[in-house]
Amino acid sequence: MAADKKTKLLAKQLFKLSVVDGTVSPEQVTGVLGWIEKHSPRHPTALLKTYYRYIATELAKSVASVEHAGPIGDATLKQIEAAMTKKYQRPVTATAKANPKLLAGLRIRVGSDLFESSVSHQLATLSAAV
């Protein structure tokens, strides 16, 4: 069942209660989930799904998923973390993930933002231009 307007509004309000100083607070999330369990609002499944989507989106903004073709060092990950933390003005942690489809280079995703500096992307751009 899709969430109606009131359910979406309640999920958004509960999400705002879950964020403290720009980051998701586990204690606040626990409190919100306890409130939902205790008060049993309309359409609880739709409410929880919508609330989960808001929380997952916010948490994704603090993680830089770094896809790489070859080995990547811890120093490189630390540099990426520092650059993304500076860019977004919030703590960002980098996680490495090997991607054999990349010929060389990196693909970094922070939330919905994508930074790509890979040979396969450059070749695809070049072939589309020809």
**OP:** Could you check ILE55 against (1) farther than 30 Å from ALA124 by Cα; (2) aliphatic (A, V, I, L, M); (3) exposed (fewer than 14 other Cβ atoms within 10 Å of the Cβ) and say which number it fails?
**Re:** (3)
Original post:
Residues that are under 21 Å from LEU17 (Cβ atoms) and small (Gly, Ala, Ser): which helices (runs of 4 or more DSSP H) entirely in the stretch 32-130 hold 2 or more of them?
Top reply: 44-60
**OP:** Within the stretch 15-26, identify whether any single residue is at pLDDT 85 or above, surrounded by 17 or more Cβ atoms within 10 Å (Cβ to Cβ) and either assigned to a helix (DSSP H, G or I) or touching a Lys or Arg at 6+ places or on another chain (Cβ under 9 Å) (or both), and answer yes or no.
**Re:** yes
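The values are calculated or read from the model by the stated rules, or taken from the named source; none is laboratory data. Computed from a predicted structure; not experimentally measured. Note that we place each Cβ from the backbone using ideal geometry, even for glycine, and neighbour counts take in every protein chain shown.
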